[in-house]
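*Asks:* I'd like to ask some things about the structure below.
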Amino acid sequence: MARRKAKIVRKTAETDVTIEMNLDGTGKGEVSTTIPFLDHMLNLLSRHGFFDLKVRSRGDTEVDYHHLVEDIGICLGSAIREALGRKEKINRYGSATVPMDESLCAVSLDISGRPYLVFKVNFGVKKIRDFDPALLKDFFKSLTDHSGMTLHVQVMYGRDNHHIAESVFKAFARALSEAVALNPRVTGVLSTKGSL
């Protein structure tokens, strides 16, 4: 099998994002987005999914965090898609339920080639320091659109927005790790159509 790595660079008038991802890594994260809370979440994704992930980005955060969060999602989704190549021999499906103290999140995903997001997470209106957690829906929407992934995220309950977000990223990391894992019993791609 080819090495399942990707490097994505995206430069616009609003943002400058570079992401390097190795699906078969050890969980080493080197993340610097200029948004400390997002750095924390992406490092969790790297560690709990056993992905090597490098993220360097900057953007017009003096205006709002939205552009940068969305573009990082675009680049991460593109990196996942590129690293998977033809998607041969992968499990395709993954799911995980992860607690974080009082919060519990379930994630199920399908690397189907059909982007779709169901995001049942209620953050309310309270920010995490200066970060609006409602932006995480935009992050995952961009990620699913550019990875070609169907993703269902449901937080069953939780009180603290930091814990809720952490349970989301940890569950997503574990589900994605399961879905991209190579399965020796799979010939080609896991689809009756013969393609994903």
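*Asks:* I need every pair where a residue in segment 108-121 that is on the phi < 0 side of the Ramachandran plot and in contact (Cβ under 8 Å) with a residue 60 or more places away in the chain has its Cβ under 7 Å from the Cβ of a residue that is part of a strand (DSSP E or B) and surrounded by fewer than 16 Cβ atoms within 10 Å (Cβ to Cβ), sequence separation at least 6 or different chains.
*Replies:* Close Cβ pairs satisfying both conditions: Ser108/Ser95; Asp110/Tyr93.
*Asks:* Looking at Leu38, Leu23, Leu84, Leu53 in this structure, which one is at pLDDT 95 or above, closer than 23 Å to Asp130 by Cα and among the aliphatic types (A, V, I, L, M)?
*Replies:* Working: Leu23 fails: closer than 23 Å to Asp130 by Cα; Leu84 fails: closer than 23 Å to Asp130 by Cα; Leu53 fails: closer than 23 Å to Asp130 by Cα.
From the options Leu38, Leu23, Leu84, Leu53, the qualifying one is Leu38.
*Asks:* Further question: Given the conditions (1) surrounded by fewer than 15 Cβ atoms within 10 Å (Cβ to Cβ); (2) of a type in the set (A, V, I, L, M); (3) at pLDDT 95 or above, and given that Ala171 satisfies all but one, which numbered condition is not satisfied?
*Replies:* It is condition (1) that Ala171 fails.
*Asks:* Quick one: which residue in Leu68, Leu136, Leu117 is surrounded by 21 or more Cβ atoms within 10 Å (Cβ to Cβ), within 13 Å of the chain's Cα centre (by Cα) and at pLDDT 95 or above?
*Replies:* Working: Leu68 fails: within 13 Å of the chain's Cα centre (by Cα); Leu117 fails: surrounded by 21 or more Cβ atoms within 10 Å (Cβ to Cβ).
Exactly one of Leu68, Leu136, Leu117 is surrounded by 21 or more Cβ atoms within 10 Å (Cβ to Cβ), within 13 Å of the chain's Cα centre (by Cα) and at pLDDT 95 or above, namely Leu136.
*Asks:* May I pose another question? What about Lys54, is it in a strand (DSSP E or B) and under 14 Å from the mean Cα position of the chain (by Cα)?
*Replies:* Working: in a strand (DSSP E or B): yes; under 14 Å from the mean Cα position of the chain (by Cα): yes.
Yes, satisfied.
*Asks:* Can you name every residue in segment 1-21 that is within 18 Å of Arg174 (Cβ to Cβ) and surrounded by fewer than 20 Cβ atoms within 10 Å (Cβ to Cβ)?
*Replies:* Just the residues of segment 1-21 that are within 18 Å of Arg174 (Cβ to Cβ), to begin with: 4, 21.
Of everything in segment 1-21, just one residue is within 18 Å of Arg174 (Cβ to Cβ) and surrounded by fewer than 20 Cβ atoms within 10 Å (Cβ to Cβ), namely Arg4.
*Asks:* Testing Val125 on (1) free of Cβ contacts under 8 Å to residues at least 60 places away in the same chain; (2) surrounded by 15 or more Cβ atoms within 10 Å (Cβ to Cβ); (3) among the aliphatic types (A, V, I, L, M), one condition comes back false. Which one is that?
*Replies:* (2)
*Asks:* If you take the residues of segment 154-168 that are more than 18 Å from Phe131 (Cβ to Cβ) and not aromatic (Phe, Trp, Tyr), which of them is surrounded by the fewest Cβ atoms within 10 Å (Cβ to Cβ)? Steps first, answer last, please.
*Replies:* Of all residues in segment 154-168, those more than 18 Å from Phe131 (Cβ to Cβ) come to 154, 156-157.
After this cut, where a residue has to be not aromatic (Phe, Trp, Tyr) as well, the list is 154, 156.
Values: Gln154: 16, Met156: 12.
Only one residue fits best here, namely Met156.
*Asks:* Being within 21 Å of Ile72 (Cα to Cα) and over 12 Å from the mean Cα position of the chain (by Cα) narrows it down to one residue among Ser177, Ser167, Ser142; which is it? Step through it out loud before you land on a result.
*Replies:* Numbers: Ser177 fails: over 12 Å from the mean Cα position of the chain (by Cα); Ser142 fails: over 12 Å from the mean Cα position of the chain (by Cα).
Just a single option satisfies the conditions, and that option is Ser167.
*Asks:* Kindly provide the set of residues from segment 24-46 that are buried (at least 18 other Cβ atoms within 10 Å of the Cβ) and in contact with a Lys or Arg (Cβ under 9 Å, 6 or more places away or on another chain), ordered by number.
*Replies:* Answer for segment 24-46, where residues must be buried (at least 18 other Cβ atoms within 10 Å of the Cβ) and in contact with a Lys or Arg (Cβ under 9 Å, 6 or more places away or on another chain): Gly29, Val31, Thr33, Phe37, Leu44, Leu45, Ser46.
*Asks:* Shifting gears a bit: Are any residues in segment 87-141 β-branched (Val, Ile, Thr), farther than 16 Å from His152 by Cβ and touching a Phe, Trp or Tyr at 6+ places or on another chain (Cβ under 8 Å), and if so, which ones? So that I can check it myself, show each step before the final result.
*Replies:* The first filter runs over segment 87-141 and keeps only residues β-branched (Val, Ile, Thr), leaving 90, 97-98, 107, 111, 118, 121, 125, 128.
Restricting the remaining residues to those that are farther than 16 Å from His152 by Cβ gives 90, 125, 128.
Listed by number, the list holds a single entry, Ile128.
The values are calculated or read from the model by the stated rules, or taken from the named source; none is laboratory data. The structure presented is a predicted model; accordingly, all values stated were derived computationally and were not measured. A quick note on method: Cβ atoms are made from the backbone with ideal geometry, for glycine too, and the neighbour counts reach across all protein chains shown.
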